[in-house]
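Here the structure is laid out as structure tokens; the discussion comes afterwards.
A short reminder: the numbers here are calculations on the coordinates, not readings from a lab. Not measured: the values here are computed from a predicted model. So basically every Cβ, Gly included, is an ideal-geometry build from the backbone, and we count neighbours across all protein chains shown.
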Amino acid sequence: MQGGMVSIRGWYLGLWVTPQMSTGHLLFAMTFSIYIFIGLHYEEKDLAKTLGKAYVDYKKHVPMLFPKV
């Protein structure tokens, strides 16, 4: 899972850190970012349903996007 998180962070960083951003690139970056945040919401909801109290307690102590950065 750790490698997947690094990959997602790299994609996200690559979307926003660019020397020149066209209108199309900006639109894509914004749409993709919104998609990621919506997906995170549903993923956390599903994990809480599947794992129960253990995940809810974990979520209280660990940030959603950048755990232990």
**Request:** Grab the DSSP H runs of the chain that are 4 residues or longer, score each as -39,500 (n - 2.57), total them, divide by all residues and round the 222 nm result to the nearest 500 deg cm²/dmol.
**Result:** -26000 deg cm²/dmol
**Asked** Per the Kirkwood treatment, what hydrodynamic radius in Å, one decimal, follows for the chain from the mean inverse distance over all distinct Cα pairs?
**Response** 13.8 Å
**Prompt:** Taking 0.36 nm per intervening residue step and subtracting the Cα-Cα distance, what contour gain separates K60 from L40 on full extension?
**Reply:** 5.7 nm
**Request:** State to the nearest 20 debye the size of the charge dipole of the stretch 2-61 about its Cα centre, where the only charges are +1 on K and R beta carbons and -1 on D and E beta carbons.
**Result:** 160 debye
**Residue among L47, M21, T31 farthest towards the positive dipole end of the stretch 2-61, charges placed on Cβ** = L47
